[in-house]
1. Looking at (1) in a helix (DSSP H, G or I); (2) farther than 25 Å from V30 by Cβ; (3) open to solvent by 50 Å² or more (accessible area, probe 1.4 Å), which one does T128 not meet, given that it meets all the others?
2. Name the residues in region 17-54 that are of a type outside the set (F, W, Y) and modelled with pLDDT under 70, would you?
3. Go over the candidates A141, A150 one by one and state the one that is open to solvent by less than 30 Å² (accessible area, probe 1.4 Å) and either among the hydrophobic types (A, V, I, L, M, F, W, C) or under 18 Å from L25 (Cβ atoms) (or both).
Amino acid sequence: MTRGRRVPVPGHALRNGAAAVCALLLYYSVPLDGAFGIDSWPGQVFGVISFFAGIVGLAWLVWRRIEHFLTAPASAGGRVDGVLLVVCIVCVVFSAFYYRLQQQQPEEFVGLSTRTDALYYTMVTLGTVGYGDVHAVGQVARIATMVQIAFDLVVIGTLAAIVTSSVNRRLAVFRPEPPSGEVTDDAPDTTR
């Protein structure tokens, strides 16, 4: 092993795959109508409170990932893992909300009728693809989609920053050192 170089750990990919599988199992197995009927007022209040609790939890997770990125810039592998875990959680939370919203108010979406449709809509929104076959038409669905887009932009921006800083660090290793008498950009300006 070469000093100063980090060997990729295959466990990262395994953990990310396991997290994705667990998230999908949770998403498809948890009953989303809760303890109350889906159309009753307690069920609707529970749905709204759950959505906001999920948003607060996601905001906290994203903030923790960004904070970790800022405090430990050298550990790119762990940061990417953390961001990918956040992506899994974001997908599950928003998919569950979209499915529950469609169950309560079917006029909010066009083309969304199953959990798979909700997961598909979430993934298409995350990927900024937008095929148009499933789309929000109601105000509540549009607001939730805008919130998801904001989360997606932060998560994708964080992932891009991690990759960019990691590439810059690796390129810095290969930059030649300037000769001892040569002036560099880091030297103070003494011409004034």
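1. (1)
2. Selection gives D33, G34, A35, G37, I38, D39, S40, G43, Q44, G47.
3. Selected residue: A141, the only one of A141, A150 that is open to solvent by less than 30 Å² (accessible area, probe 1.4 Å) and either among the hydrophobic types (A, V, I, L, M, F, W, C) or under 18 Å from L25 (Cβ atoms) (or both).
The values are calculated or read from the model by the stated rules, or taken from the named source; none is laboratory data. Small disclaimer: the values here were computed from a predicted structure and weren't measured. In this analysis, Cβ positions are derived from the backbone assuming ideal geometry, glycine residues included, and neighbour counts consider all displayed protein chains. In case anyone asks, the SASA skips ligands and DNA or RNA and just uses the protein heavy atoms, side chains included. Shrake-Rupley method; radii C 1.70, N 1.55, O 1.52, S 1.80 Å.
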